[in-house]
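None of the figures in this text is laboratory data; all of them are computed from the coordinates on show. No experiment lies behind these values; they were computed from the predicted model shown. Cβ coordinates were reconstructed from backbone atoms using ideal geometry, including for glycine residues, and neighbour counts include every protein chain displayed.
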Amino acid sequence: MFEFEKLDKNPILWTDGYKVCHKDQYPAGLSWVYQTWTPRKSRVPGVNHVCFFGLQGALGEMTQSFKENFFERDVEFVVKSYEEEIKNIFWETNRHFVDNHKSTHIRELHKLGYLPIRVKALPEGAFVPIGCPMFTIENTLPNFYWLPGYLETQLSAYIWQPMTAATTADFYRRILSHYAALTTDDISRVFFQAGDFSMRGMPSPEVGYRTGAGHLTSFGVSATISARKYLRTFYDADYDVMRYTPSTEHSVMCSYGEKEIEAFRHLITVVHPSGNLSIVSDTYDFWNIVDVVLPALKKEIMNRHGKILIRPDSGEPVDIICGKVVYMVDDKGNKCKAQPESESIEKGLVERLWEIFGGIVNHKGFRELDPHIGVVYGDSITPDRAIRICKGLMSKGFATINAILGIGSFTYQYNTRDTFGFALKGTAEIEYETFKMIFKNPKTDNDNFKKSQKGMVAVIWNNIKEDWEMKDCLTPEDVEVMGETNCLRDFYIDGKFVYINKFDAIRDRIKYESNRIYKSKPELYQ
């Protein structure tokens with residue numbers, strides 16, 4: 001029987017092919033390279049600040065990876081692995097490079113036993129304006145000038161997704177909080193109104209838990225179990241950093257055939273006689289569940305200690321939750337309301353559950369479902385649909401907190417590194433003991449999207465603008481004089497963290513900074 005050989009996870013190979021060439025291409029006499037990580041552009045309307053999150057996890061994962069798969073392995077093995085890849089990749093395109101490229105620098109790094117880099121960073125959870133650097137990276141030993149640029153590939157792969165996810169999650173939090181404030185008495189419930197359902201749509205399990213962690217910066221619900229371990233490992237998160245409700249899936253419901261009343265009864269009285277349970281309800285006929293099954297089981301549901309969440313999983317989310325009036329044109333060309341297949345289609349799920357199970361009218365005059373019953377929808381939810389669901393419920397007199405939304409890969413995976421234009425770019429060097437500023441400024445770049453900073457950078461807090469502000473064209477002496485007014489602080493030096501961002505503090509900072517930036521912009525949610 002065929003067996004695969006063990007995959008080599010040597011992180012010295014986790015780089016773009018052209019990165020291995022750059023050590024030889026830099027000018028002679030180079031001893032120091034300094035680079036900045038910056039969101040350069042927003043492709044999301046109304047979002048002009050990016051949540052800084054994921055660097056601590058990235059450096060933590062990277063440190064562990066180098067320790068286990070590079071530094072603690074036999075030097076001859078890791079060097080041979082590196083040399084084989086160089087030969088096999090470049091032999092047909094540039095044999096001179098293969099013959100003359102040495103692996104001495106790989107041996108030197110292995111002997112050193114740690115990553116000789118310094119990272120200065122803002123506190124995680126900061127909302128950074130487009131064009132402002134979030135962190136810098138530089139080498140701490142002259143022979144390793146090649147390392148900051150070499151690490152760019154894996155650093156970028158580690159961090160752009162959790163930053164994008166955290167920024168996106170905050171947008172959802174702002175949407176849901178805006179409408180909750182209009183329709184309910186306790187907006188703190190928004191923290192549990194949106195769950196992360198995205199892992200199965202991610203490119204890898206690792207991307208799944210980093211994305212899930214980004215979601216949890218603004219919410220407390222996730223189906224991505226591994227996100228909790230990630231946050232516990234790298235962010236000192238509390239044990240109860242996330243929660244999730246037991247749920248069925250279609251294969252479970254199909255196992256009962258079309259005996260749906262019996263299936264629901266068995267699930268809510270035998271398998272889960274108490275506690276919350278989410279039941280996917282559209283395996284066959286969703287509106288039959290609403291019109292027939294739920295009324296038949298009202299007594300069992302109301303006598304349980306816990307909530308049954310009805311989960312539609314197909315169709316148009318806004319129409320199913322809020323209802324839809326269907327119109328037709330008669331033989332005379334007149335527009336008239338069509339007779340729906342079920343009255344529930346016109347009323348929508350929330351209104352029908354109110355008719356069956358009742359509830360309360362809160363102090364703001366909006367209806368909230370009885371705590372024994374609820375709604376969760378996790379199929380193809382987008383910010384636009386979230387807004388329309390909230391507006392639809394509000395227009396019918398229902399508190400928007402009645403609908404829990406599952407945010408999946410339709411939202412979190414429809415992004416790229418270019419969503420916020422993330423890039424790590426070299427801006428300063430030391431050559432023959434002389435400091436020099438470097439930068440890129442392509443004339444063909446019409447909107448200056450790719451123009452980099454120049455020289456060393458600092459980020460200060462502008463009290464007048466109440467925002468972070470970047471300063472570049474700085475020398476090492478300039479940066480030293482600035483002292484603690486420069487908010488880019490030593491974060492990671494020579495394989496060790498100088499301080500740790502704790503997850504609770506990150507959540508608090510995100511909420512505070514987001515409210516500061518967006519509190520006066522309700523038009524974003526309308």
Using a Förster distance of 51 angstrom, determine the FRET efficiency expected from the C-beta separation of H305 and E3, and round it to 0.05. 0.50
With the cut-off at 1.5 for a/c, could you classify the stretch 457-514 from its C-alpha gyration tensor as rounded, prolate or oblate? oblate
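Hey, what did the chain get for relative contact order, percent, Cα under 8 Å, at least 6 apart?
Value for the chain: 22 percent.
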Here, E343 and S395, labelled 7 Å along Cα→Cβ, have an inter-label distance in nm of 2.2 nm
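Can you give the relative contact order of the stretch 180-277 as a percent, counting alpha carbon pairs under 8 Å and 6+ residues apart? Before the final figure, lay out the partial values.
Working: 91 pairs, mean separation 18.6, N = 98.
Relative contact order of the stretch 180-277: 19 percent.
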Listed residue pairs exceeding 24 Å between alpha carbons, taken from K23/K80; K391/K519; K120/K519: K120/K519
Grab the DSSP H runs of the chain that are 4 residues or longer, score each as -39,500 (n - 2.57), total them, divide by all residues and round the 222 nm result to the nearest 500 deg cm²/dmol. -10500 deg cm²/dmol
Can you tell me the order of 100-110, 421-431, 46-56 when each peptide is scored by its average per-residue count of other Cβ atoms within 10 angstrom, highest first? 46-56, 421-431, 100-110
Quick one: net charge around G406, please, counting Lys, Arg +1 and Asp, Glu -1 for every other residue with C-beta under 11 Å from its C-beta. -2
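Among V271, V119, V252, what is the fewest-to-most ranking by other Cβ atoms within 10 Å?
V271, V252, V119
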Take every Cα-Cα pair in the stretch 270-309 and report what % of them are more than 16 Å apart. 36 percent
Roughly how many Å is it from the Cα centre of the stretch 9-39 to that of the stretch 343-390, as a whole number? 54 Å
Can you list the HN-Hα couplings for the stretch 5-20, worked out from phi with the Karplus curve (6.51, -1.76, 1.60; θ = phi - 60°), rounded to whole Hz and with x for Gly and Pro? 6, 5, 5, 7, 9, 4, x, 5, 9, 8, 8, 5, x, 6, 5, 5
Highest average packing first - 378-386, 257-265, Cβ atoms within 10 Å: 378-386, 257-265
Only bridges with both residues in the chain count here: give the DSSP antiparallel percent, nearest 5. 70 percent
Its Cα gyration tensor gives the stretch 60-150 an equivalent ellipsoid whose semi-axes in whole Å, largest first, are 30, 18, 13
